[in-house]
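Here is the structure we will look at.
The values are calculated or read from the model by the stated rules, or taken from the named source; none is laboratory data. Note that the structure is a prediction, hence the values are computed from the model and not measured. Cβ: placed from backbone, ideal geometry, glycine included. Neighbour counts: every protein chain shown. Please note that ligands, DNA and RNA were not included when accessible areas were found on the heavy atoms of the full protein model with its side chains. Shrake-Rupley method; radii C 1.70, N 1.55, O 1.52, S 1.80 Å.
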Amino acid sequence: MNYSLIIVEITAVLIGLGVLMTDLWISPAARKGLGYAAAVAVGCLLAFATGSLAPQHGLGFRDSFVVDDLARFFKAFFLFGAIVVILMTVEFSSRIASGLSEFFALVIFALVGMLFAASANDLVLLFVSLELITVTFYILTSFQRNRLASLEAGVKYLILGAVASAFMVFGIALIFGSANSTNFRVIAAHQTELATSPVFLLGLLLVLAGLGFKIAAFPFQAWAPDVYQGSPAPATAFLAVGSKAAGFVLLIRLLTQAVPQITAEWSRLLVVMSAATIIYGSLCAIPQRNLKRLMGYSSIANAGYLLLGIVAMSRSGSTAILFYLGGYFFTVLAAFTAMSALAEHIETDEIAGLAGLGRRSPFLAATLTLSLVSLAGIPPMVGFFGKVLLLRSVFESAPGRPDLYLLLGIAVIGVVISLYYYFGVIRSIYWGGSTPNLAPIRTSLGTKVALGTCIAGMVFLGIAPNGYLRIAETAIGGIDSAAGRLKSPALKKVSAHEAH
Amino acid sequence: MNVGLQHYLIVSGLLFSIGLLGVVIRRNLIVIFMSLELMLNAANLSLVAFSRYNSNLDGQVMVFFTITVAAAEVAVGLALIVALYRKRQTAHVEDLTTLKF
């Protein structure tokens, strides 16, 4: 057992436990300070994880845990996300009646689940890390338990999430039965025989259903609008950024690394899933009057766009997914940070309640507008470039696969529809009806810094995407999607050793 | 009669279907929750059966993970249902109507 491989995860667990323990000794007034301390600790961990001291490549724990460029990319992504979410929670703390420290600790435990998911190379680790994320999110979702909407969102998420995990365990059982292993590399080595086994294919389908639930893809999307609307804003933001990205890293690992041949045969299924997700998310977002619920439908539509990268079945497709997730990260965090800053001043989540925001707080209004513009995919924001990359990767794979042209058309139609509903919100911010309250809204320094970072990220990645694109390409470069094997020399040595 | 892998799988499939049916048609949150446990245990049964007939203990290890995760899920789930009951005085899904558009 090479415990140095999971040093980042162990440290994150210790930070979480430390937060819980420290809470016993400090006064309730000092809890905000504890949040800042937790954010700093996770920040140090991020610096360590991206530095050269952290494990770079390796495979351990009976091949179930892999550290490669893809895993390190996503670990940095999740750590960064957790920092922003913790800072957002500090701003939001007046709305959380009790247990603020537990909220910080739970965010960190969900982060641990995501860190493990980024490295999962075995169905068992995939299941356990996903469940760690999901069970933690049941609590985070219903954290405002004096609010009925929050509790109700938690219960709905719990029931649907538990159904999805039952499907997943049953799928894992069938895969284990037919492949006699749960390891991705063993499955990849035998995929030609397994592709003819109906038991294995049914198992894979059930596991895909479980992952589809995590990313809110059609037909497993029913929970997303309710949960997005009912949860406290920081929990929603982490759900949108972290939980979805964890689903996609596992999809990339499973579909392009473990069973690329079967994925190629199932391309029709994935095309239908992607198209239906885009159409459902876009059409249902049109009549929405609640901003958080609108974001829920928008996240469904975005899951559909991200699936385009899987459908493309190419390295440029996976790179586009990583790029899009990075852009989505800044965009969604900016939107939800602005919303949680507004929550204290505007009672409702209704879009109509944003009327007059352009005059009350030009800064928050501009942030919300920029993030909606980026989500709609308008240059020069990052959302535009991400969508272009995804569509281009599908277009490159399209020759010989006519259904992909249809999918491209549907994706473009989805983008056009999204312009309509995002601009409805922007219209309400600047040209909304008369509002009785025109008192200016003040924002704290912490919020301003977090929002400034997010805006800078959105604009910078949109104008100068090359540096980040190269990082994404390196992360994907470690995966040879054709052979389903890991290319890095350290791992080759391990696999040679195994084979014999 | 010889009991083989097939029989275990048929029982497991039946249990899974009964659980799924319970989740879909029952209206009480506690009963839905019990049905969910039934689905998980159906999966556990087939894991153990496969493990036995493939003589590979990995499946039984997976069962331990599933049981642990299910226990955590039940702890959180029951707490949520109790909190909801205190607030709303109901444990029926028809009454969960706050979130709609």
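Worth a mention:
- Taking only Cα atoms of segment B:5-95, radius of gyration then Dmax in Å: 15.7, 50
- Positive-pole candidate from A:348, A:259, A:120, dipole of chain A, charges at beta carbon: A:348
- Between 0 and 90°, nearest 10: helix B:5-25 axis offset from chain B longest Cα axis: 10 degrees
- Förster radius 45 Å - calculated FRET efficiency between residue A:473 and residue A:406, Cβ distance, rounded to 0.05: 0.95
- Computed over protein heavy atoms with a 1.4 Å probe, the accessible surface of chain A works out to 35 Å² per residue.
- Summed over all non-identical Cα pairs, the Kirkwood treatment of segment A:184-333 gives a radius of 15.8 Å.
- Solvent-accessible heavy-atom area per residue, rounded to whole Å², over segment B:5-95 at 1.4 Å: 53 Å²
- Against the rule of thumb 2.2 N^0.38 Å, how large the Cα Rg of segment A:129-209 comes out: 1.44
- The count of lysine pairs in chain A that are at least 8 places apart or cross chains, and whose C-alpha atoms lie under 20 Å apart, stands at 11.
- Ratio Rg/Rh, restricted to segment A:267-463 and using Cα atoms, in which Rh is the Kirkwood radius: 1.02
- Once you divide the Cα radius of gyration of segment A:1-124 by 2.2 N^0.38 Å, the number left is 1.11.
- When a 1.4 Å probe is rolled over the protein heavy atoms, the share of accessible surface on the protein assembly as shown that falls to carbon and sulfur comes to 67 percent.
- Heavy-atom accessible surface that B and A bury in contact, both chains counted, 1.4 Å, Å² to 100: 3700 Å²
- Loop-located trypsin sites (Lys or Arg not before Pro) across segment A:156-217 with a Cβ neighbour count of 16 or fewer within 10 Å are lacking, with loop assigned by DSSP.
- Per DSSP, loop GluC sites (Glu not before Pro) in segment A:303-356 with at most 16 further Cβ within 10 Å: A:344, A:347
- Segment residue A:186-residue A:50, length gained on full extension (0.36 nm per residue, minus Cα span): 46.0 nm
- For the protein assembly as shown: Kirkwood Rh in Å [reciprocal of mean 1/r, alpha carbons]: 24.4 Å
- Computed label-point distance, nm, for sites residue B:95 and residue A:94 using a 7 Å Cα→Cβ extension: 3.3 nm
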